[in-house]
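To start, the structure under review is shown below, and the notes come after it.
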Amino acid sequence: MGIYDLLIIGGGPAGLAAGIYGARARLKTVILEKGSPGGQAATTEELENYPGFPGGTTGPGLMKAMAEHARDFGADIKKEEVVDINLSGETKVVVTKSGTEYRARALVLASGAHPRSLNIKGEKDFIGKGVSYCATCDADFFEDLDVVVVGSGDAAVEEAIYLTKFASKVSMIVIHDQGILDCNKLSAERAFSNPKIHWIWSSVLEEVKGDGIVEKVAIKNLKTGKLSEIETNGVFFFVGTVPNTGFLQDEVVLDEKGYIITNERMETSAPGVYAVGDARVKYLRQVVTAAADGAVAAVAAERYLAEEEFLKKQVLDFAGVVITVFWSPMNEDSIAAVACLEKVVQELGDNIKLVKIDVSRSEMTNKRYHVTSIPAVLFFVNGEVVARSSGEITASDVKEQIEALNKYTRGLSHC
Amino acid sequence: MLAVDKENFEAEVLQHQGIVVVDFWSQKCEPCKAIMPEVEELATKYESKAKFCKLDTGGNRRLAISQKVLGLPTIVFYKDGEKVAEFSKEFSMEEVENKLQELI
Ligand SMILES: Cc1cc2nc3c(=O)[nH]c(=O)nc-3n(C[C@H](O)[C@H](O)[C@H](O)COP(=O)(O)OP(=O)(O)OC[C@H]3O[C@@H](n4cnc5c(N)ncnc54)[C@H](O)[C@@H]3O)c2cc1C
């Protein structure tokens, strides 16, 4: 199957956007998605805040378009569930449940999040029998029936409003005092003025009950401690999400809740591995920010791959001594150093090569070789740094160094 | 796979002697559509051993609820007209196939 340039784990908005940018940059790109592309965004029917769609669009509709967009540029989307990754070798290895091993030079972790369950009594038993985490998927079962929604954030309130198109009554169980919701103001206003929504404040769900399908729920009022039961046909949970990062083991650094830690370029703790969307530590988890992360990561990965390739071809694989000079067209001293080295290398002949590295375009290389000031000169033999100097570079110093290295390399070939 | 609905469910599923596998799905359910090809594959593989049906819950909502199905995707196993096993929401085709082998 060959080695991919960019392998993306997860086909939600973050992964698909990374796929669009990656494939468009002519990287050989594959997206591994365990279900159908679209992620959580495909589970919400009314998507009102994705820019460019006044009047709103649908989650499944937008996600279908994103998947098609990625495929159009040449990204391959495969139905595979990733169970393990291994970053110890030169290429990164991704293992799937079907037993296939994929190899790639850069990875984007876009595995998103899944709905948090409260693990209350009955919740698990009635999944598919009235308990649901996806209004789009299951709403039409509840036409003219009663449902309960647990939660008070954006997703809970917006999905409750959507459910009123089907259900005859939607009861919101809110943990906060009367009138307090965790969602945006617009959605709150709409929900408050919706006659089908009924509010149960200062309360938590205690148990889901029924015979084969959901029939009622037990609710506890936190102020009075009183338990009460209400009859209902369905229970929708929107109480936050949990990152899908279990398969990563200890390969990249996570925070205490399991979210992947990145910098603003989406770089994780492992070189060439990026994380995007809901799976990473971030301030706002939405479709638009997920897509934005994907774009950033794909561009960062593209630069990383270009640098890697340059370094490998020009420096690491060269048989002989390579003098690398780290410079910048903005820095006079470094320009002088380049000029001086070009002369020296001309004099010294064939098996010595000069490679100029512009520090403004080689952050990965700077970091890997700890170059913090310019000009800096690093001498490589067989892919390893054998000497370095920085500050003022003189022809005689360089010649001396080469002399020493030649002795050293000759010495090597003797033994 | 045989499409069943409120008209023929009784005859094709509940009156059938032997194993019937019913795939509950709907036009709106993306995960259902994603697994459909794999269910079709199983249907071909076990053609002689079990009967495979699909039920579009759109238009057959009451029937689905009567079978205590209130969420998708759901796959239900019947044996001689009795519900004997079911999978709903998060399940793999591997689990479905294992259950099938256990029943036949
Ligand atoms: C009910 C609800 C309503 C919402 N409403 C809005 C809204 O109106 N506006 C808005 O902007 N945002 C909304 N959001 C948030 C938005 O959906 C998410 O922020 C966004 O989908 C995150 O994208 P993602 O690509 O990071 O992750 P996800 O969408 O979670 O996608 C991750 C994908 O990775 C796959 N995956 C996971 N693990 C693996 C693995 N091991 N191997 C292979 N594949 C794997 C999953 O199957 C999934 O498809 C809503 C969310 C919910 C739940």
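The values are calculated or read from the model by the stated rules, or taken from the named source; none is laboratory data. Nothing here was measured: the structure is a model prediction, and the numbers come from that model. Cβ atoms come from the backbone with ideal geometry, glycine included; neighbour counts cover every protein chain shown.
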- Query: For segment A:28-49, which residues satisfy the criterion of being near the ligand (Cβ under 6 Å from one of its atoms), touching a helix residue (DSSP H, G or I) at 6+ places or on another chain (Cβ under 6 Å) and farther than 30 Å from A:G2 by Cα?
  - Reply: A:A41, A:T43, A:T44, A:L47
- Subset of segment B:34-49, residues within 13 Å of chain A (Cβ to nearest Cβ) and more than 11 Å from the chain's Cα centre (by Cα), comes to B:A34, B:I35, B:P37, B:E38, B:E41
- Looking at A:G52, is it more than 15 Å from A:I8 (Cβ to Cβ), within 14 Å of chain B (Cβ to nearest Cβ) and more than 18 Å from the chain's Cα centre (by Cα)? no
- Within segment B:68-83, the residues that are in contact (Cβ under 8 Å) with a residue 40 or more places away in the chain and either more than 18 Å from A:V235 (Cα to Cα) or more than 10 Å from chain A (Cβ to nearest Cβ) (or both) are B:I75, B:V76, B:F77, B:Y78, B:K79, B:D80, B:G81
- In the set A:A135, A:A139, A:A110, which member is farther than 30 Å from A:L254 by Cα, buried (at least 24 other Cβ atoms within 10 Å of the Cβ) and within 12 Å of the ligand (Cβ to nearest atom)? A:A135
- Item | Matching residues in segment B:26-43 - criterion: being surrounded by fewer than 19 Cβ atoms within 10 Å (Cβ to Cβ), in contact with a strand residue (DSSP E or B) (Cβ under 9 Å, 6 or more places away or on another chain) and closer than 27 Å to B:Q15 by Cβ | B:M36, B:E40, B:A43
- Check off (1) of a type in the set (D, E); (2) near the ligand (Cβ under 8 Å from one of its atoms); (3) away from chain B (no Cβ under 12 Å) for A:D72 and give me the number that stays unchecked. (2)
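Every residue, every condition in (1) part of a loop (DSSP other than H, G, I, E, B); (2) outside the structural domain of A:A110 (by TED's automatic domain parsing); (3) free of Cβ contacts under 8 Å to residues at least 12 places away in the same chain, yes or no:
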position: A:V252; (1), (2), (3): yes, no, no
position: A:N263; (1), (2), (3): yes, no, yes
position: A:Y304; (1), (2), (3): no, no, no
position: A:E307; (1), (2), (3): no, no, no
- Task: Could you grab me the full set of residues in segment A:109-161 that are touching a helix residue (DSSP H, G or I) at 6+ places or on another chain (Cβ under 7 Å), of a type in the set (V, I, T) and at pLDDT below 95?
- Result: A:T136
- Item | Entirely in segment B:1-81, the strands (runs of 3 or more DSSP E) that have 3 or more residues that are within 16 Å of B:L100 (Cβ to Cβ) | B:19-25, B:51-56, B:74-79
- Query: Among (1) among the aromatic types (F, W, Y); (2) farther than 19 Å from A:T136 by Cβ; (3) within 12 Å of chain A (Cβ to nearest Cβ), which single condition is B:F52 missing?
  - Reply: (3)
- Query: Say we look at segment B:86-104 and pick out the residues that are closer than 15 Å to B:Y46 by Cβ and under 13 Å from the mean Cα position of the chain (by Cα); which of these is modelled with the lowest pLDDT?
  - Reply: B:M93
- Task: Considering every residue within segment A:278-286, establish whether at least one is closer than 18 Å to A:R368 by Cα, part of a helix (DSSP H, G or I) and either without any contact (Cβ under 8 Å) to a residue 40 or more places away in the chain or not charged (D, E, K, R) (or both).
- Result: no
- Message: For segment A:344-360: of the residues being at pLDDT 90 or above and assigned to a helix (DSSP H, G or I), which is nearest to A:K407 (Cα to Cα)?
- Response: A:V359
- Message: Anything in segment A:14-37 that is at pLDDT below 95 and at positive phi? List them, or say none.
- Response: none
- Hey, does segment A:43-57 have a residue that's buried (at least 22 other Cβ atoms within 10 Å of the Cβ) and part of a strand (DSSP E or B)? no
- Identify all residues within segment A:5-27 that are within 11 Å of the ligand (Cβ to nearest atom) and part of a loop (DSSP other than H, G, I, E, B); write none if there are none. A:G10, A:G11, A:G12
- Note on the structure: Restricting attention to segment B:82-101, the residues that are charged (D, E, K, R) and assigned to a loop (DSSP other than H, G, I, E, B) number exactly 2
- Message: Quick check on segment A:147-157. Is at least one of its residues touching a residue at least 12 places away in the same chain (Cβ under 8 Å), within 13 Å of the ligand (Cβ to nearest atom), within 29 Å of the chain's Cα centre (by Cα) and within 14 Å of another protein chain (Cβ to nearest Cβ)?
- Response: no
- Answer yes or no: is there a residue in segment A:67-83 that is at positive phi and in the same structural domain as A:A300 (by TED's automatic domain parsing). yes
- Message: Restricting to segment A:104-144, count the residues that are outside any strand (DSSP E or B) and facing chain B (nearest Cβ under 9 Å).
- Response: 14
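Out of the residues in segment A:50-59 that are touching a residue at least 12 places away in the same chain (Cβ under 8 Å) and under 23 Å from A:F166 (Cα atoms), state the one that is farthest from the ligand (Cβ to nearest atom).
Looking at residues that are touching a residue at least 12 places away in the same chain (Cβ under 8 Å) and under 23 Å from A:F166 (Cα atoms), I get A:T58.
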